[in-house]
Amino acid sequence: MLTCVIRYHIDPAKKDRFAQYAQNWGQAIPRCGAGLIGYFAPHEGSTTLAYGIYNVKSLADYEAYRARLAVDPLGRENYAFAQREKFLLREDRTFVKLVSAPHAGGEGA
């Protein structure tokens with residue numbers, strides 16, 4: 001399993017548009033085959049960093065997912081929305097894999 005972490009630099013004056021963008025991906029990403037963990041907007045500290053995080057089984061599965069997302073009606077609309085509204089200033093993708101498992105404790109431990 002690979003986890004894709006997308007780090008966004010967003011326009012802090014357009015945080016509401018990023019939230020709409022994230023909600024749209026909340027529908028399209030799972031439908032197109034990735035395991036969405038979530039989108040996270042600034043709350044305290046930096047006002048410009050936001051994240052999108054999801055799981056895929058492999059890089060090959062990632063490529064197939066991206067192809068499905070590119071033709072998904074909401075996916076296409078969301079890409080256009082971001083281009084039109086210009087709230088994303090930069091976007092970086094990193095693929096990571098869990099290496100600490102099994103680990104003790106759970107949520108809040």
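Coordinate-derived values only; no laboratory data. Computed from a predicted structure; not experimentally measured. Cβ coordinates were reconstructed from backbone atoms using ideal geometry, including for glycine residues, and neighbour counts include every protein chain displayed.
Things worth noting here:
- Ranked by how many other beta carbons lie within 10 Å on average, peptides 39-45, 90-96, 62-68 from highest: 62-68, 39-45, 90-96
- Ordering 80-87, 15-22 by mean Cβ neighbour count within 10 Å, with the highest value first, yields 15-22, 80-87.
- Reachable lysines, given that their alpha-carbon falls under 16 Å from the alpha-carbon of Lys15 and they are not under 8 places away in the same chain: Lys86
- Take the Cα of Val99, step 7 Å toward its Cβ, do the same at Ala70, and the gap between the two points is 3.1 nm.
- Qualifying lysines (Cα of each under 30 Å from Cα of Lys57; at least 8 residues distant if same chain): Lys97
- Whole-Å distance, taken between Cα centres, linking region 55-109 and region 19-44: 8 Å
- Modelled FRET efficiency - R0 30 Å, Gln23 with Asp61, Cβ distances, 0.05 increments: 0.80
- Among Ala104, Asn55, Tyr65 the positive-end extreme of the charge dipole of region 21-109 (Cβ point charges): Tyr65
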